[in-house]
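Structure first, then comments.
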Amino acid sequence: MESSAQLIGISVGPGDPELITVKALRVMRECDVLFAPQAKISDHSVAKGIVARFDIPEQRFRTITFAMDRSRESLRSRYQQVADQIIEEIEAGKKVGFLTLGDALTFSTWIYTLDAVRIKRPDLLIETIPGVTSYAALASQVQQPLGEQKERVLILPCPDDMENLRREIESHDLVVLMKIGHRFDALLDLIKSMGLEGRCVLGRKVGMDGGEVFEDLRSLPAIEKLGYFSTMLIRGE
Ligand SMILES: C[S@@+](CC[C@H](N)C(=O)[O-])C[C@H]1O[C@@H](n2cnc3c(N)ncnc32)[C@H](O)[C@@H]1O
């Protein structure tokens, strides 16, 4: 059944095109216009790359760039500009999709875009199609649970303060750590000091070309720069 929504947040999964849902693929094909976010420092949109094999006509895509390190205020104004672009297409009678990596409502650009559009046009019919998160894909690759029975699971963008992170690890059974970036060295030091190297899984570019998964950090090769698409599963004692 065709979606009646005018704007749809479409989850494209963590990288492997086979992890796109049947619904996401159908809706993508129904959309007249597909917005695809791209990091300003990158030369391509990762989300658009994931759907490349589905032969969606190039002219339907609109790439929108975001600077990752912007202040909250400048990001807000960027999302307002994106909302204006989206609304313009909808007012021209187009059905609009917005591609997001992983799941659309998990730490994503879609969340802020959605808010900005809703403020300007609360009357629009909007839908979000859920997807496979990066950490679900990582857990599947090593076939480890993301939670069982009464376990306490925390999904956390990596904090700058490692003492804060230590407390979170100590008070949860599993910490899913996203957005590690430049904190990687400090994070490794913390994990070593807690004796948890054998209880951590690190995934880089999971499901993407060149993706790697390390099941035990004691055999981790030297990594100079971790890269943005990295997630760690940390099992406390
Ligand atoms: C802006 S968040 C996007 C999260 C995404 N919406 C999800 O559902 O997984 C970016 C963070 O997601 C994680 N991430 C996204 N894709 C990944 C992948 N293919 N492999 C490992 N981590 C990934 C990384 O922690 C990265 O810093």
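The values are calculated or read from the model by the stated rules, or taken from the named source; none is laboratory data. Here the structure is a predicted model, which means the values were calculated and not measured. With ideal geometry, Cβ positions are generated from the backbone for all residues, glycine too; neighbour counts draw on all protein chains shown.
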Is region 81-103 home to any residue that is free of Cβ contacts under 8 Å to residues at least 40 places away in the same chain and within 19 Å of the chain's Cα centre (by Cα)?
no
Six or more apart or on different chains, Cβ under 6 Å: which pairs go from a residue in region 1-25 that's assigned by TED's automatic domain parsing to the domain that holds S108 to one that's crowded, with 17+ Cβ neighbours inside 10 Å and among the acidic types (D, E)? Could you list them?
S11/D103
Test set (1) part of a loop (DSSP other than H, G, I, E, B); (2) crowded, with 17+ Cβ neighbours inside 10 Å; (3) among the polar types (S, T, N, Q) - T128 fails condition number
(1)
Identify the residue in region 116-145 that is of a type in the set (A, V, I, L, M) and within 12 Å of the ligand (Cβ to nearest atom) and, among all such residues, is farthest from E91 (Cα to Cα).
A139
Regarding region 135-156, can at least one residue be identified that is in contact with a Phe, Trp or Tyr (Cβ under 9 Å, 6 or more places away or on another chain) and in the same structural domain as R183 (by TED's automatic domain parsing)?
yes
Assess whether D160 counts as being over 27 Å from P17 (Cα atoms), more than 10 Å from the ligand (Cβ to nearest atom) and not in a helix (DSSP H, G or I).
yes
Can you pull out the residues in region 1-40 that are more than 27 Å from G211 (Cα to Cα) and in a strand (DSSP E or B)?
L7, I8, V33
Scan (1) within 16 Å of the ligand (Cβ to nearest atom); (2) at pLDDT 95 or above for the single condition D32 breaks and write down its number.
(1)
Could you tell me which residue of region 69-113 is nearest to the ligand (Cβ to nearest atom), considering only residues that are surrounded by fewer than 21 Cβ atoms within 10 Å (Cβ to Cβ) and within 16 Å of V27 (Cβ to Cβ)?
L105
